[in-house]
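The values are calculated or read from the model by the stated rules, or taken from the named source; none is laboratory data. What you are looking at is a predicted structure, and each value in this text was computed from that prediction instead of being measured. Note that we place each Cβ from the backbone using ideal geometry, even for glycine, and neighbour counts take in every protein chain shown.
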Amino acid sequence: MSWPAEPVTVASPASSANLGPGFDSLGLALGLYDTVRASVRPAGVHVEVNGAGAGAVDLGEGHLVVRAMHAAFDCLGQRPPGLAISCRNEVPHGFGLGSSAAAIVSGVLAASALASNAGMGALTDRAVLSLATQLEGHPDNVAACLYGGLTISWTTPGGAQAARLTPLPELAPVLCVPAAPVPTRTARKALPGQVPHADAVANLARTALLVAALTAQPELLLPGTEDFLHQGYRAAAMPATAELIARLRAAGIAAVISGAGPSVLALTIAGSTPGAAEVASVAAGTGKPWRIMPLQVALDGARLLAS
């Protein structure tokens, strides 16, 4: 086996899962990117991280990109003798923006590209989604990160599946990021083992309505983002998030917890009011230090860049 000396570079977008009622199934790719440059070295693992996570993540075999690359190499049949990885991260860690999905997708795609350049073949898109889902534990963020746009994902005995939709071009997401993260496991622990049947039925209707709102009828965004399954149960673990969502929705802005939180995602329409300025004004009124980030939807998903 002759491994290539040339590096590969992958850019993977942030993602917001759930979008209110679409619990563990809907995802939206956002225009913040983690960029991973990976190459084969004679021995050992060297990881360099700049941006989000710098100084707080493992820089060896335990780094999530490395673990994802090793898993992909194992699927393809052989690991290289060593790896050099450089990460430039824009996606905040621990804020419900798919940072782990971006790391996993970047690692799997980088390994697949290196293996392909070595003549070993590459993973199919479906294999990438399936492996990334196994590593992440659920497909909503990895599907959006991999395919871009709006995704609907689900699992089958044969692995994860996803359908990609193109959201309205005028959709203008606005992120509100608080000062401190909340671990995903903390947010998950707040959820009950069972929910009332009426709440499940209401959530099914809202999820279908939300897909229509995001792709064709933006006037339905506010009712379409109403959730009955998880946001209310998580309010005690992130009261500032719950307060901001309530204030934004009272102002007519379709706001939800981004993923497991604590970030808030406001779904606005470009050229219409309320927009990003109104989101910022409402956030300022809480007296909390929210960072307001108007973004675009990432339509292309994760991709290889010219190194």
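Quick look at the values:
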read-out: Enumeration of residues in the range 258-307 that are in contact with a helix residue (DSSP H, G or I) (Cβ under 6 Å, 6 or more places away or on another chain) and either among the polar types (S, T, N, Q) or within 22 Å of LEU26 (Cβ to Cβ) (or both); value: ALA260, GLY261, PRO262, VAL264, ALA266, LEU267, ILE269, THR286, PRO294, GLY301, ALA302
read-out: Those residues of the range 30-44 which are part of a strand (DSSP E or B), over 18 Å from ALA144 (Cβ atoms) and among the aliphatic types (A, V, I, L, M), in sequence order; value: ALA38, VAL40
read-out: Evaluation of GLY22 against (1) in contact (Cβ under 8 Å) with a residue 60 or more places away in the chain; (2) over 25 Å from LEU171 (Cβ atoms); (3) surrounded by 21 or more Cβ atoms within 10 Å (Cβ to Cβ) (one fails), failing number; value: (2)
read-out: Selection count, the range 90-113, where residues are within 14 Å of LEU30 (Cα to Cα) and not hydroxyl-bearing (Ser, Thr, Tyr); value: 9
read-out: Selection within the range 213-234 - of a type in the set (Gly, Ala, Ser), within 21 Å of PRO274 (Cβ to Cβ) and in a helix (DSSP H, G or I); value: ALA213, GLY224
read-out: Condition broken by TYR33, with the remaining ones in (1) surrounded by 18 or more Cβ atoms within 10 Å (Cβ to Cβ); (2) touching a Gly at 6+ places or on another chain (Cβ under 9 Å) satisfied; value: (2)
read-out: Residues that are closer than 25 Å to LEU150 by Cα, part of a loop (DSSP other than H, G, I, E, B) and in contact with an Asp or Glu (Cβ under 9 Å, 6 or more places away or on another chain), drawn from the range 261-301; value: ALA270, GLY271, SER272
read-out: Which listed residue, of LEU229, LEU214, LEU209, LEU244, is more than 24 Å from GLU90 (Cα to Cα), of a type in the set (A, V, I, L, M, F, W, C) and over 20 Å from the mean Cα position of the chain (by Cα); value: LEU209
read-out: Which listed residue, of GLY193, GLY159, GLY224, GLY252, is in the same structural domain as GLY31 (by TED's automatic domain parsing) and not polar (S, T, N, Q); value: GLY159
read-out: Condition check for GLY287: modelled with pLDDT of 95 or more and at positive phi; value: yes
read-out: Only one of ALA266, ALA250, ALA280 that is farther than 26 Å from LEU129 by Cα, of a type in the set (A, V, I, L, M) and loosely packed, with under 15 Cβ neighbours inside 10 Å; value: ALA250
read-out: Filter pass, GLY53 being more than 17 Å from ALA118 (Cβ to Cβ), free of Cβ contacts under 8 Å to residues at least 24 places away in the same chain and either in contact with a Gly (Cβ under 7 Å, 6 or more places away or on another chain) or not in a strand (DSSP E or B) (or both); value: no
read-out: Some residue of the range 70-92 being surrounded by fewer than 21 Cβ atoms within 10 Å (Cβ to Cβ), part of a loop (DSSP other than H, G, I, E, B) and of a type in the set (S, T, N, Q); value: yes
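To keep it simple, each residue is scored yes or no on (1) of a type in the set (Asp, Glu); (2) without any contact (Cβ under 8 Å) to a residue 12 or more places away in the chain; (3) touching a Gly at 6+ places or on another chain (Cβ under 6 Å).
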residue	(1), (2), (3)
PRO183	no, no, no
ALA242	no, yes, no
ALA251	no, no, no
VAL256	no, no, yes
PRO262	no, no, no
THR268	no, no, yes
